[in-house]
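Contents: one structure, followed by commentary.
The values are calculated or read from the model by the stated rules, or taken from the named source; none is laboratory data. This structure is a prediction, so every number in the text was calculated from the model and none was measured. Glycine also receives a Cβ, built like all others from the backbone with ideal geometry; neighbour counts cover every protein chain displayed. The area values use the complete protein model at the heavy-atom level, side chains included, leaving out ligands, DNA and RNA. Shrake-Rupley method; radii C 1.70, N 1.55, O 1.52, S 1.80 Å.
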Amino acid sequence: MHHLLTLEDLDRAALTRLLDRAEHFRTHAAPRDLLAGRTVLTLFFEPSTRTRTSFVLAAKRLGADNVNFDLSRSSTVKGESLLDTLHTLEAMRLDALVVRHNENGMPAYLARHANTGVAVVNAGDGTHAHPTQGLLDALTIRQRHPDFANLRIAICGDIRHSRVTRSDVRALHTLGVGDIRLCAPRAMLPESLDAFPGCTASEDFDAALADVDVVMMLRIQKERMAAAQFPEAADYHAHYGLDARRLALAKPDCQVLHPGPINRGIEIAPDVADGPQSRILDQVANGVVVRMAVLAELLATPA
Amino acid sequence: MHHLLTLEDLDRAALTRLLDRAEHFRTHAAPRDLLAGRTVLTLFFEPSTRTRTSFVLAAKRLGADNVNFDLSRSSTVKGESLLDTLHTLEAMRLDALVVRHNENGMPAYLARHANTGVAVVNAGDGTHAHPTQGLLDALTIRQRHPDFANLRIAICGDIRHSRVTRSDVRALHTLGVGDIRLCAPRAMLPESLDAFPGCTASEDFDAALADVDVVMMLRIQKERMAAAQFPEAADYHAHYGLDARRLALAKPDCQVLHPGPINRGIEIAPDVADGPQSRILDQVANGVVVRMAVLAELLATPA
Amino acid sequence: MHHLLTLEDLDRAALTRLLDRAEHFRTHAAPRDLLAGRTVLTLFFEPSTRTRTSFVLAAKRLGADNVNFDLSRSSTVKGESLLDTLHTLEAMRLDALVVRHNENGMPAYLARHANTGVAVVNAGDGTHAHPTQGLLDALTIRQRHPDFANLRIAICGDIRHSRVTRSDVRALHTLGVGDIRLCAPRAMLPESLDAFPGCTASEDFDAALADVDVVMMLRIQKERMAAAQFPEAADYHAHYGLDARRLALAKPDCQVLHPGPINRGIEIAPDVADGPQSRILDQVANGVVVRMAVLAELLATPA
């Protein structure tokens, strides 16, 4: 594993090893010298303080040097090409480059042009992939259900534009989940299920929730609601919001996940978000240890 | 001591212990591993690079990991509630949260909702409190007058809106100062002295300065001067500025304090700010060690 | 050496010692505790993420604490004077202050007023000096030509406004280079060569390139091109761009340098920037180790 661009490249053994390593970091004191002397640079073209902070803490807790390349003041403002920025950063002796970009494939593009010594980590690109989110969601689910084989999982929200869903599905399918139900209004369902192996799709959220072990809710953008003919947040909530009544359709111990930040009262009711079945804060905690595992896997070899 | 929200909760012994610890940090090499592995996050809703830098240096000099949560790019922009941001940060395994906010009581609100493992430090809230400023001012005064009992102290400026004054008065009163003179034009005096134990108030700065051991000047906002019927800075300076003539009314060794940044020629004359009685830069230096003492007190226990 | 403000103060022995130390850092593991407990603060009044990142990495790789003083949120916004900011930062126990400013002489001004314990490093001031750039360019050249004595060097671009050129010339002249050819359209040539010892000036780039060992290209600003009567980038490129044809006029092993970020197709053709004679990325790598050497030289003495 030289880069982490998408979860498609990882087989079940590779995924399991990363999850095991993350779980180990969660339950043991971090080896604060594992990445001593290594440099992790965060390069976010889309703002996301949460995800960036999670990567920064992961790097620091393993002893890496961390630098944030502040794009609002960067040379790209002066018209430097992205590849020139990449090679400049590499020349400063970079070990990992954590990239978020609103265009699909930009981290892969950087990885293709990166020096062999530099690991590129995709922190979310367009609608394509968000592999560390897929890993942390798989870890969160596994903490309650060590065997993925017989799980039933519903994912509800703007599936079509969701990099989170694409990475979640890829991880869960590879780990053996056979029943993944994508649910959304038509305008938010993908045109094809090719990128969603092992999935079925429907517009009926109540039906999709029947007997599921896990329900994963997605953050909704207001402009998407309007396009899906829900002009008001309350309309969307009535049809696709997860509230206590709907959650009762799932298995009694059904876990509720959401990648955050949540829109209270839109895609999720406050009592569900804060209720005993919510794993939302566990996801945040798992996010840090998953990113530690990824950085350790990519970097903790002789420099 | 789980949080530091206001100095009202601290008795003389607790204050003295913090000041002793700060003094120790000032005169000894910092124990750079005291907070190794602990995470201090700064969350400033009001800009203050000075105070933030002071906290960051305090954290680093004790070996803590420091992360600045950049609000200009944060999820709160996306409409996430403050409590959801708090719990998200906590889930990343935060040890201390240093908060500045323009609303009174916001740090206390966060502390009430924080996990038991997280210490909230108030870095200034509205007009309510600025406890580390109160501590650093007490430390600065004590370095010249170890016994607070017989001190006479004047505080001059916009007392009504000053969180600095409220915390200074609380610390000094608890430490035994019996004569604290608040001085300002009427529009800047508080409507009641309830929150100012041990204080008297007047509008006559010359009289207030008689024989004081310490004079603490406050930074003035231009809009406040106008409200107090001083349309020009020179007018305010003529009545409430500290210059050499006025300073001569105080005791010969009277210490001059100011929380900074100073408005030269408005509330303080340059020759006084830069003169031998000025302790302004000592205050800055004491600010770092006081914040080290606070973080050490709150965090340097088994995690 | 208490500060690094310009290279005029350094004789050949001092320059050589810095270059030797930088070369040592490039080829050996960094002594990560050399500057442990020391504080390096970056204070950039002009944005430059590249240069700032280079200094930050240099500081971290020697174990120093690093703080960026964020001017967009700083007290200077509140009207504090620059000297008050300086003294405030010093009082927080600063060891080095890395300053970039668009006015000539501002780092020297701060150095004159700084405490004796604080080292000021000029990270570029106006059109005056950029000493670490001069050092890294000299190091880059020396890696191929250990003896500077018989080198022929051409520098092409907006010489008149270039702090890079002034520092490059100063370093190369002191190190013994006798033939330095400044080349630019008239509007970009300096009015006098007083600040450019050992240099000749011309407007004919082809002639200037004859048999040179090194060609240093400068980044061009669009507004400067117009002032020099090149309304289009292509016009400038035709007369002063370095392409393969022109590079063939130099010696076969001629090194190509550029301080970055490059304008592809304006002052330099892409195939030259990316070609085998380009040292542009070596310059970036050398920038980090040169800054490590400067910080080590200034700070690695008993505090």
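Of note:
- Unmet requirement for B:A234, which otherwise passes all of (1) closer than 22 Å to B:P146 by Cα; (2) without any contact (Cβ under 8 Å) to a residue 40 or more places away in the chain: (1)
- Scanning segment C:4-47 for residues that are of a type in the set (A, V, I, L, M), over 13 Å from C:A96 (Cα atoms) and surrounded by 15 or more Cβ atoms within 10 Å (Cβ to Cβ) gives C:L7, C:L10, C:L15, C:L18, C:L19, C:A22, C:A30, C:L34.
- Looking only at residues in segment C:256-269 that are of a type in the set (V, I, T) and assigned to a loop (DSSP other than H, G, I, E, B), the one that is surrounded by the fewest Cβ atoms within 10 Å (Cβ to Cβ) is C:I266.
- Check on B:A248, open to solvent by 40 Å² or more (accessible area, probe 1.4 Å), within 19 Å of B:R144 (Cβ to Cβ) and either hydrophobic (A, V, I, L, M, F, W, C) or at pLDDT below 95 (or both): yes
- Here the condition is being at negative phi, open to solvent by less than 40 Å² (accessible area, probe 1.4 Å) and acidic (D, E); of C:D204, C:D253, C:D213, it holds for C:D213 alone.
- B:A207 meets each of the listed conditions (1) without any contact (Cβ under 8 Å) to a residue 40 or more places away in the chain; (2) closer than 29 Å to C:L83 by Cα apart from (2).
- Exactly one residue out of B:V56, B:V164, B:V67, B:V169 is under 30 Å from A:A273 (Cβ atoms) and aliphatic (A, V, I, L, M), and it is B:V67.
- Meets criteria (in a helix (DSSP H, G or I), under 22 Å from B:A96 (Cβ atoms), open to solvent by less than 20 Å² (accessible area, probe 1.4 Å) and in contact (Cβ under 8 Å) with a residue 24 or more places away in the chain) for B:V272: no
- Residue selected from segment B:15-52 under the condition assigned to a strand (DSSP E or B) and free of Cβ contacts under 8 Å to residues at least 60 places away in the same chain, by the criterion farthest from the other protein chains (Cβ to nearest Cβ): B:L43
- C:A300 touching a Leu at 6+ places or on another chain (Cβ under 6 Å) and at pLDDT below 95: yes
- For B:Y236: the one exception among (1) closer than 25 Å to B:L172 by Cα; (2) open to solvent by less than 10 Å² (accessible area, probe 1.4 Å): (1)
- Pick from segment C:53-70, criterion facing another protein chain (nearest Cβ under 8 Å) and assigned to a helix (DSSP H, G or I), ranking: surrounded by the fewest Cβ atoms within 10 Å (Cβ to Cβ): C:K60
- So A:N115, is it more than 19 Å from C:I262 (Cβ to Cβ) and among the polar types (S, T, N, Q): no
- Residue check, B:D235 over 30 Å from B:A64 (Cβ atoms), away from chain C (no Cβ under 14 Å), assigned to a helix (DSSP H, G or I) and out of contact with any Asp or Glu (no Cβ under 7 Å at 6 or more places or on another chain): yes
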